[in-house]
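Beneath this line is the structure, given in structure tokens, with notes to follow.
Just so it is clear, none of the values below were taken in a lab; they were calculated from the coordinates. Small disclaimer: the values here were computed from a predicted structure and weren't measured. Every residue, glycine among them, receives a Cβ derived from its backbone with ideal geometry; neighbour counts consider all protein chains shown.
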Amino acid sequence: MSTTAVETQAAGKRAAALADRILEGAELLASFAEGLTDAEWATQVTATDRRTVGVIVSHVANMYPIEIGAVQAIAGGNAVKDVTWDAVAQINADHAAENSGVTKSDAIQLLRKNAADAADAVRGMTDEQLDTAAPFSLSYGAPVTAQFVIEDHPLRHAWHHLFRIKNTLGR
């Protein structure tokens, strides 16, 4: 095998591992959500985050395309300056208002679809793209790598909210 083929195979392994972890988190959240009662689905997550469990599951699904957009920008060497915590709060509030009655079936279906799309986008990335760093406004302008953004956003997001939902429901 040539050096280029070995390098390509190695790049594919790292991107594939990240993609697999995105899918793993999304599937854990989806599988857990499938077993929820209607009352649990409608439970408010915390006193400070008044969104319901259902809205949170839908929120995770909704964020994958936005998160992957940021990843792709960083991977291309482009600073992401317009994604602020205030903007995220507004996206979350708008999403919650528009999706207050989201069904379990619709949210889980979108979660799986958008996670698969996100994983496919990550799976296609090279090591060079994963290692590219650029300023990222959610990291206070620090030049972070595309891999960091993947791990901190589309990969971690489902795990983060699953933990919070389980705590809320006492599971």
Using a Gaussian network model of the chain whose springs link C-alpha atoms within less than 10 Å, name the residue from Trp85, Trp159, Trp41 with the highest mean-square fluctuation. Trp85
Taking springs between alpha-carbon atoms closer than 10 angstrom, which of Ala73, Ala97, Ala16 fluctuates most in the Gaussian network model of the chain? Ala97
Correct choice for Rg and Dmax of the Cα atoms in Å that was computed from the model, options (1) 15.7, 45; (2) 16.5, 47; (3) 17.0, 58: (3)
Would you mind computing, in nm to one decimal, how far apart the modelled labels at Ile91 and Phe163 are, each placed 7 Å from Cα along Cα→Cβ? 2.0
If we sort 57-69, 114-126 on the protection proxy, mean other Cβ atoms within 10 Å, highest first, what's the order? 57-69, 114-126
Treat the count of other C-beta atoms within 10 Å as a stand-in for reagent exposure and order Leu28, Leu162 from fewest to most. Leu28, Leu162
Under a GNM of the chain (C-alpha, springs under 10 Å), which listed residue has the highest mean-square fluctuation: Ala19, Ala133, Ala39? Ala39
